[in-house]
1. Limited to the stretch 232-256, what total is found for residues that are in contact (Cβ under 8 Å) with a residue 24 or more places away in the chain and closer than 22 Å to Ile134 by Cβ?
2. For the structure I just gave you, tell me whether Ser66 is surrounded by 24 or more Cβ atoms within 10 Å (Cβ to Cβ), in the same structural domain as Gln350 (by TED's automatic domain parsing), in a strand (DSSP E or B) and within 18 Å of the chain's Cα centre (by Cα).
3. If Pro226 satisfies every condition in (1) closer than 29 Å to Asp198 by Cβ; (2) surrounded by 12 or more Cβ atoms within 10 Å (Cβ to Cβ); (3) at pLDDT below 95; (4) not aromatic (Phe, Trp, Tyr) but one, which is the exception?
4. Within the group Ser29, Ser12, Ser20, which residue is surrounded by 14 or more Cβ atoms within 10 Å (Cβ to Cβ), in the same structural domain as Pro144 (by TED's automatic domain parsing), modelled with pLDDT of 95 or more and under 18 Å from the mean Cα position of the chain (by Cα)?
5. I'm told Cys287 meets every condition in (1) surrounded by 18 or more Cβ atoms within 10 Å (Cβ to Cβ); (2) within 26 Å of Gly172 (Cβ to Cβ); (3) more than 21 Å from the chain's Cα centre (by Cα) except one. Can you identify the failing condition by its number?
6. Looking at the stretch 33-51, is at least one residue part of a helix (DSSP H, G or I) and either outside the structural domain of Val332 (by TED's automatic domain parsing) or within 28 Å of Lys122 (Cβ to Cβ) (or both)?
7. Taking the stretch 222-280, which residues are in contact with an Asp or Glu (Cβ under 8 Å, 6 or more places away or on another chain) and of a type in the set (D, E, K, R)?
8. Condition first: surrounded by fewer than 20 Cβ atoms within 10 Å (Cβ to Cβ), touching a strand residue (DSSP E or B) at 6+ places or on another chain (Cβ under 9 Å) and not hydroxyl-bearing (Ser, Thr, Tyr). Can you find one or more residues in the stretch 141-148 that meet it?
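The values are calculated or read from the model by the stated rules, or taken from the named source; none is laboratory data. For clarity, every value in this text was computed on a predicted model and none was experimentally measured. Cβ sites come from the backbone with ideal geometry, for glycine too, and all protein chains shown count toward neighbours.
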Amino acid sequence: MNTIDILSKLISFKTISELSNKKLAQYISDYLAKYNIKTQLFEGNPGQFNLYAKIGPDVDGGIILSGHTDVVPTEGQNWITNPFELVKKKNKLFGRGSCDMKGFIAVVLATIPKLKISKLKKPLHLIFSYDEEIGCIGIQKLIPFLKKIKPKPSFCIVGEPTEMKLVNMHKGKKNFLVSFKGIESHSSLIENGVNAIDYCAGFINFLKDLQKILIKTKSHKKFDPPYPTINIGKIQGGLAVNIIPENCELEFEIRDTPNLNTEKIINKIKVFLKKTEKEMKEKNKKCSVNFKILNNFPPLETNEKKKIINLALEKLKSNSISTVSFGTEAGVFNKVGFETIVCGPGSIEQAHKPNEYIEETQLKKCDEFLTKIIDFLY
């Protein structure tokens with residue numbers, strides 16, 4: 001099977017985040033079995049699997065090729081084709097996940113028949129995860145395995161869409177849920193209640209002031225914008241205009257740069273919320289504020305002098321290194337101890353949109369790059 005045939009099959013699996021990817025994982029496992037390659041499936045959540053395979057000798061120093069199997073939803077988007085059926089139009093291949101990032105996985109799998117496995121001096125590792133799109137959930141479940149993995153790989157390439165440009169830095173992402181519990185009462189009896197929305201509003205103002213401070217921090221000029229960002233994405237509270245609201249919930253995120261002391265920022269937030277809770281309890285002891293971290297994946301910063309950088313640039317025939325503001329699983333691999341870069345086919349401009357596509361030329365460039373990278377293992 002060629003890359004396009006494999007991509008067509010991968011796209012046919014409706015692996016939207018939080019849904020099962022079992023059939024896709026089994027398809028990849030069966031495909032690799034044809035070449036006598038054993039896989040391990042790690043069930044993180046019910047019906048959701050991380051897939052791992054090692055190809056070659058049991059020695060340290062190999063390379064990981066990694067991608068996520070989940071895709072974002074299509075509901076509410078105006079697709080001109082069936083998003084779960086690969087459609088070719090001229091040089092473009094349309095389908096959900098074609099760019100982000102089943103295109104990369106298809107290229108990886110298409111290289112397998114070309115491998116001279118018995119001649120490999122260092123192994124090739126494959127890791128395909130689930131639920132990356134909702135906060136790198138799946139790969140974080142695999143961290144205990146990655147910390148003890150033997151033989152230990154030296155390098156990792158995460159194939160997110162970068163138009164085959166080498167990326168060595170990206171921001172991290174932390175999601176938080178804050179719940180304010182006040183006391184409900186009739187709106188005419190304002191002193192009898194504790195307005196949860198009022199206190200949530202105070203926290204929003206605190207986050208706005210915190211963002212102003214972050215803008216003034218030592219910035220990473222390569223990022224756009226060149227500072228850590230805070231975004232309040234969801235808020236819900238209240239039942240009616242004539243009721244003092246008992247509950248209000250807020251979700252927000254921090255996209256942190258590699259140089260940010262994120263723990264210090266989180267501690268500032270906790271101190272403010274503790275003070276807020278104290279104020280609420282002074283009015284009524286039944287009040288409370290709950291702070292919860294929903295997900296947390298680290299930023300990526302791989303030093304330009306690292307061997308993986310020089311190796312990749314050589315194989316790409318490039319001397320250019322890029323930075324992106326979106327997050328990937330690369331920060332997780334890097335933190336575990338593998339020299340990690342992001343480099344894959346397609347443009348992030350196409351990701352998550354209706355009529356997502358990838359150009360055939362991008363798949364070809366990726367194939368040429370991976371073939372040269374794998375040559376390093378012989």
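1. Matching residues across the stretch 232-256 total 10.
2. Details: surrounded by 24 or more Cβ atoms within 10 Å (Cβ to Cβ): yes; in the same structural domain as Gln350 (by TED's automatic domain parsing): yes; in a strand (DSSP E or B): yes; within 18 Å of the chain's Cα centre (by Cα): yes.
The answer is yes for Ser66.
3. Every listed condition holds for Pro226 apart from (1).
4. Details: Ser29 fails: under 18 Å from the mean Cα position of the chain (by Cα); Ser12 fails: under 18 Å from the mean Cα position of the chain (by Cα).
Answer to the selection: Ser20.
5. The single condition Cys287 does not satisfy is (2).
6. Restricting attention to the stretch 33-51, the residues satisfying the condition of being part of a helix (DSSP H, G or I) are 33.
Next cut, either outside the structural domain of Val332 (by TED's automatic domain parsing) or within 28 Å of Lys122 (Cβ to Cβ) (or both) only: 33.
Yes; the residues of the stretch 33-51 include at least one that is part of a helix (DSSP H, G or I) and either outside the structural domain of Val332 (by TED's automatic domain parsing) or within 28 Å of Lys122 (Cβ to Cβ) (or both).
7. Within the stretch 222-280, Lys234, Glu246 meet the criteria.
8. Taking the stretch 141-148 and keeping what is surrounded by fewer than 20 Cβ atoms within 10 Å (Cβ to Cβ), we get 141, 143-145, 147-148.
Imposing the further condition that a residue be touching a strand residue (DSSP E or B) at 6+ places or on another chain (Cβ under 9 Å) reduces the set to 141, 145.
Now narrow it down to the ones that are not hydroxyl-bearing (Ser, Thr, Tyr): 141, 145.
Among the residues of the stretch 141-148, at least one is surrounded by fewer than 20 Cβ atoms within 10 Å (Cβ to Cβ), touching a strand residue (DSSP E or B) at 6+ places or on another chain (Cβ under 9 Å) and not hydroxyl-bearing (Ser, Thr, Tyr), which makes the answer yes.
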